[in-house]
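Data block below; observations after.
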Amino acid sequence: MRRFRQASRQQAEADRLLSPPDPTPVVANDGAALRDNASQVSITWVGHSSFLIQMGGRSILTDPVWSKKAGIGPFGPTRMAPPGLRLIDLPPIDLTLISHNHYDHLDRDTIRWLGDRPMYLVPSRLGGWFQKLGCTKVHECEWWESVDALGLHFDFVAAQHWSRRTPWDTNLTLWGGWMLSDGAHTLYFAGDSAYFSGFKEIGQRYSGIDVAFLPIGAYKPAWFMQSAHVNPEEAGQAFLDVGARVIIPMHWGTFKLSTERTDEPPKRLAAWWDEQGLDRTHNWTLAVGETRFVNGS
């Protein structure tokens, strides 16, 4: 950790000699169209790894974090862009997906606000954390376990990452990604992961993925981050491995968790995309608050 702090200071000094990074793009969204949406498959970026997904007439949140900081009390990185939707502007939430328990993915205040109304699908051994907050509709999953709920199908899939909320609970709970399907559309929410052979296995197990939500930020310094986070080019390769039609980059532009410039991840992904000769319309790099509708919905 001392080496990481030193690298952060050195990068901050280098950044002072450069022009400021571009701000994270934000668009206004009052949620009205989403509250009225009962049939279309929609995806709205709230920020970081938090999305509102509407599918099969249900409203689903992924890794919901609305707090100003990703940490305990005053500790943790401060939000750089406001949430793309206010909590009070959300449609009623039917189900919440959690990839792992890190503070930038699992926020106590947000879960308290959501309360006991949604069903929660969570990694193995994390259910007790929710139950202590009064959430009763909690289902824990191991890797490759399937759940049918609310007319939708979910699979918890493997990732190369880790878990911890205190110095005493490292890797005591599981981590992973989620596959969502309404029978006509399939979405893959990867959570956090380093690049690993599991992406190819996911592509072999699940054909016809419409959209892959893949992390692209928090990768520098590589000696510290590469065992747990993909860089933008690795995220692009993961997209090819899983065989998805569209990528939605996430895990960037909201909390500064590492030493790369905050505007670098999407630029690197776009450059790699062009080098591979891929169709730019299949790279949905969203603004915070932006909604996209999945074709055919």
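The values are calculated or read from the model by the stated rules, or taken from the named source; none is laboratory data. No experiment lies behind these values; they were computed from the predicted model shown. Counting neighbours? That spans all protein chains shown, and the Cβs are built from the backbone with ideal geometry, glycine included. These accessible areas exclude ligands, DNA and RNA; they are computed on the full protein's heavy atoms, side chains included. Shrake-Rupley method; radii C 1.70, N 1.55, O 1.52, S 1.80 Å.
Summary table below
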| item | result |
| --- | --- |
| Among residues of region 58-96, those that are within 17 Å of residue 31 (Cβ to Cβ) and either of a type in the set (Lys, Arg) or modelled with pLDDT under 95 (or both), counted | 2 |
| Search result, residues across region 26-65 that are in contact with a helix residue (DSSP H, G or I) (Cβ under 7 Å, 6 or more places away or on another chain) and under 17 Å from residue 185 (Cα atoms) | 42, 44, 52, 54 |
| Selection within region 232-265 - in a helix (DSSP H, G or I) and either within 22 Å of residue 205 (Cβ to Cβ) or open to solvent by 20 Å² or more (accessible area, probe 1.4 Å) (or both) | 233, 234, 235, 236, 237, 238, 239, 240, 241, 242, 264 |
| Test: residue in region 268-280 that is open to solvent by less than 40 Å² (accessible area, probe 1.4 Å) and either within 18 Å of residue 50 (Cα to Cα) or of a type in the set (Asp, Glu) (or both) | no |
| Selection count, region 254-284, where residues are farther than 21 Å from residue 44 by Cα, touching an Asp or Glu at 6+ places or on another chain (Cβ under 8 Å) and hydrophobic (A, V, I, L, M, F, W, C) | 2 |
| Selection from region 66-92 of residues that are without any contact (Cβ under 8 Å) to a residue 40 or more places away in the chain and touching a helix residue (DSSP H, G or I) at 6+ places or on another chain (Cβ under 6 Å) | 87 |
| Subset of region 218-229 (residues that are under 16 Å from residue 252 (Cα atoms) and either assigned to a loop (DSSP other than H, G, I, E, B) or among the hydroxyl-bearing types (Ser, Thr, Tyr) (or both)) | 218, 219, 220, 221, 226, 228, 229 |
| Some residue of region 210-230 being touching a strand residue (DSSP E or B) at 6+ places or on another chain (Cβ under 6 Å) and among the charged types (D, E, K, R) | yes |
| Residue under evaluation residue 246, criteria (1) of a type outside the set (S, T, N, Q); (2) at pLDDT below 95; (3) within 21 Å of residue 46 (Cβ to Cβ), criterion not met | (2) |
| Every residue from region 279-289 that is more than 15 Å from the chain's Cα centre (by Cα) and either within 19 Å of residue 84 (Cα to Cα) or touching a residue at least 12 places away in the same chain (Cβ under 8 Å) (or both) | 282, 283 |
| Residues that are β-branched (Val, Ile, Thr) and out of contact with any helix residue (DSSP H, G or I) (no Cβ under 8 Å at 6 or more places or on another chain), drawn from region 114-172 | 136, 147, 166, 170 |
